Amino acid sequence: MMKKHALIFVSFCLVFVSQAQNNIDDLLAAGIDDAKRFSTDYLAPASEGLAYSINNGWFNHGKGQKQFGLEISLIANTSFISDSKKSFEMVAADYENIRFSDNSTSKTVASSLGHNEPDVTVIITYDDPIFGNQEVALTLPTGIGSEGVDIIPSAFLQVGFSPFRGTQLKGRYFPSIETEDVKTNLYGLGLQQDFTTWLPKERLFPVAISGLVAYTHLNGSYDFTDEGIVEGNNQQVKTKINSFLFEVIASTKFKVLNAYAGFGYLTANSETDLLGTYIVTDGLLFSEEIRDPFSIDEKVSGVRTTIGANVKLGFFAVNLDYTIAEFNSASLGLNFSF
């Protein structure tokens with residue numbers, strides 16, 4: 001089993017790719033194409049969930065700040081994993097050298113967000129240069145569901161500055177953290193514009209309407225060379241996600257309590273690379289060296305709707321909202337305005 005990391009956000013960013021290392025020797029023995037095909041379906045839900053999670057909390061109001069206004073926010077977010085994301089349909093005909101031990105044509109198996117209960121066993125066929133076609137049984141890797149995890153957590157420090165009234169430049173950051181063999185960091189940039197400030201009688205308009213464009217980038221890596229899973233060197237998984245969010249926001253304009261809502265569109269690209277040298281062996285007679293086995297690219301896109309409320313007391317405000325999307329989520333923000 002892979003080691004579990006103490007920091008929740010760091011853990012989730014990388015545990016879904018580290019889970020895929022279970023029995024990687026046998027998966028690679030089936031051939032790089034088969035190993036990549038399984039890993040693509042296995043990792044896709046987690047990549048999608050992370051893309052949605054790291055784009056929450058960008059706004060807490062539709063009204064722009066005063067000129068030269070500064071807002072500092074601490075944002076915590078939880079995205080919820082639905083049952084449909086915990087598994088995928090594995091079709092035996094899609095694989096050249098993998099079949100189910102009971103000769104089923106297809107089975108529902110765990111994704112990186114789920115759990116196989118009971119275990120699912122497949123038969124790997126490989127070509128031994130001395131003995132010809134050989135077979136070995138493999139238990140498919142399970143996911144984080146085996147640990148009872150049903151959420152995708154995220155947290156950010158966010159700063160907004162208004163060079164002009166109604167225009168807010170935003171930046172968010174999750175510090176670069178390195179713990180044992182794990183490294184991760186996140187940053188993002190955004191621009192929110194209150195369109196109602198352009199109206200000649202904006203004070204008579206009952207709501208504030210603004211637009212938001214934001215970019216978020218996530219990097220993560222996990223070095224498992226010393227884990228003893230497969231012999232080799234510089235064995236690691238690297239993951240990066242680049243995403244854009246486009247949002248239209250409306251809110252009330254009262255002094256203390258306000259409601260806000262947003263409708264947006266998310267698009268993201270993720271890349272997960274299995275890097276390093278792997279020695280796939282068959283006892284003492286045969287070994288094969290594989291370098292940088294494969295890279296998995298995923299594209300994510302979808303609409304989202306957010307409903308929330310903001311309470312402001314002087315320079316301090318707190319907001320809470322709920323977002324309906326492919327991964328529903330809840331966000332809490334503590335905001336300090338100057």
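The values are calculated or read from the model by the stated rules, or taken from the named source; none is laboratory data. These figures come from a predicted structure and were not determined experimentally. Glycine also receives a Cβ, built like all others from the backbone with ideal geometry; neighbour counts cover every protein chain displayed.
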Enumeration of residues in the stretch 315-331 that are surrounded by fewer than 16 Cβ atoms within 10 Å (Cβ to Cβ) and β-branched (Val, Ile, Thr): Val318, Ile324
Residues of the stretch 166-178 satisfying the condition of being assigned to a strand (DSSP E or B), closer than 25 Å to Val318 by Cβ and touching a helix residue (DSSP H, G or I) at 6+ places or on another chain (Cβ under 9 Å): Thr167, Phe174
Extreme residue, farthest from the chain's Cα centre (by Cα), among residues of the stretch 103-113 that are in a loop (DSSP other than H, G, I, E, B) and surrounded by 14 or more Cβ atoms within 10 Å (Cβ to Cβ): Ser111
Hey, Asp34 of a type outside the set (S, T, N, Q) and either modelled with pLDDT of 85 or more or crowded, with 22+ Cβ neighbours inside 10 Å (or both) or not: yes
Where a residue in the stretch 292-304 is within 10 Å of Asp273 (Cβ to Cβ) and its partner, wherever it lies, is outside any strand (DSSP E or B) and hydrophobic (A, V, I, L, M, F, W, C), with Cβ under 6 Å and at least six apart: Pro293/Ile32; Phe294/Ile32
Where a residue in the stretch 145-165 is over 15 Å from Asp83 (Cβ atoms) and assigned to a strand (DSSP E or B) and its partner, wherever it lies, is of a type in the set (Ser, Thr, Tyr) and at pLDDT 85 or above, with Cβ under 6 Å and at least six apart: Pro153/Thr78; Ser154/Ser53; Leu157/Tyr173; Gln158/Ser73
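Condition first: of a type in the set (Val, Ile, Thr) and surrounded by 15 or more Cβ atoms within 10 Å (Cβ to Cβ). Now tell me which residues in the stretch 73-102 satisfy that.
Scanning the stretch 73-102 gives Ile75, Thr78, Ile81, Ile98.
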Residue satisfying all of: in the stretch 233-245; surrounded by fewer than 16 Cβ atoms within 10 Å (Cβ to Cβ) and at pLDDT below 85; farthest from the chain's Cα centre (by Cα) among these: Asn233
Within the stretch 50-69, considering residues that are aromatic (Phe, Trp, Tyr) and under 16 Å from Leu218 (Cα atoms), the one surrounded by the most Cβ atoms within 10 Å (Cβ to Cβ): Trp58
Qualifying position, being modelled with pLDDT of 90 or more, farther than 20 Å from Lys170 by Cα, surrounded by fewer than 16 Cβ atoms within 10 Å (Cβ to Cβ) and of a type in the set (A, V, I, L, M), among Val248, Val256, Val300: Val256
Subset of the stretch 190-225 [in contact with a strand residue (DSSP E or B) (Cβ under 9 Å, 6 or more places away or on another chain), among the charged types (D, E, K, R) and at pLDDT below 80]: Glu202, Asp223
Close pairs (6 angstrom Cβ cut-off, 6 or more residues apart or separate chains): on the phi > 0 side of the Ramachandran plot in the stretch 232-252, of a type in the set (Lys, Arg) and assigned to a strand (DSSP E or B) anywhere: none
